[in-house]
Each structure stands twice: as structure tokens, then as C-alpha cells.
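The values are calculated or read from the model by the stated rules, or taken from the named source; none is laboratory data. Here the structure is a predicted model, which means the values were calculated and not measured. Neighbour counts are summed over all protein chains in view; Cβ atoms, including those assigned to glycine, are modelled from backbone coordinates with ideal geometry. For the accessible areas, the whole protein counts, side chains as well, though only heavy atoms, and no ligand, DNA or RNA atoms are used. Shrake-Rupley method; radii C 1.70, N 1.55, O 1.52, S 1.80 Å.
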Amino acid sequence: MWLFKDREIVKKYNKIEMAKEIGLHPDTVRKVTNGIQLCSKLVAYCITKFIDKDAEIEDFFEKVGE
């Protein structure tokens, strides 16, 4: 599972638009980007690419557990 590291960076993005483009519920996006909820590698990848298409998952997320 993956934990979002930097909540400040996503403050400039509209979570509803992010959720719509990624295909998730806006509440899920808010929970993940606020560090409340862990997410799968796929969700971490989608959020990462929404923020910066050239970034890697590890730039915004840290791996938790196995």
C-alpha cells in the first residue's frame, strides 16, 4: 500500500476534477491526498501522473508495509 507524502502540493488541484479524470470518487481522492487512506499502486500511479506526467510514484508516495 502507498501513503501520500506531501499534502501541500495537491492544494492547488481541484479534487473533483482529479477524481473525474482518474475515475475515482472525490472523497477517495481527498482521503488519499490528505494522508488519511492508503491506496494501491495503481491509484498512486494515477494521482502521480495527474500531478506531473514525468514524475515517479516515489516522488509523491511512500510504500507502507510489504
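See the values below:
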| read-out | value |
| --- | --- |
| Helix 41-51 axis, angle to the chain major axis (alpha carbon atoms, nearest 10°) | 50 degrees |
| For F61, residues with placed amide H under 5 Å, excluding near neighbours | K5 |
| Under 15 Å, Cβ to Cβ, from L24 - net charge with Lys/Arg +1 and Asp/Glu -1 | +3 |
| Selected from I47, I22, I36 as most flexible by GNM, with the chain as the system and alpha-carbon contacts under 10 Å | I36 |
| Accessible-area composition of the chain, carbon plus sulfur, in percent [1.4 Å probe] | 50 percent |
| Gain in span if fully extended, E21 to K5, counting 0.36 nm per residue against the direct Cα distance | 3.6 nm |
| Which labelled figure in (1) -0.69, -0.85; (2) -0.83, -0.96; (3) -0.78, -0.87 is log10 I(q)/I(0) by the Debye sum over Cα atoms at q = 0.20, 0.22 Å⁻¹, once derived from the coordinates | (1) |
| Under the Karplus curve 6.51 cos²θ - 1.76 cosθ + 1.60, θ = phi - 60°, whole-Hz ³J(HN,Hα) for the stretch 12-26, x wherever Gly or Pro sits | 7, 9, 7, 5, 5, 5, 4, 4, 5, 5, 6, x, 10, 6, x |
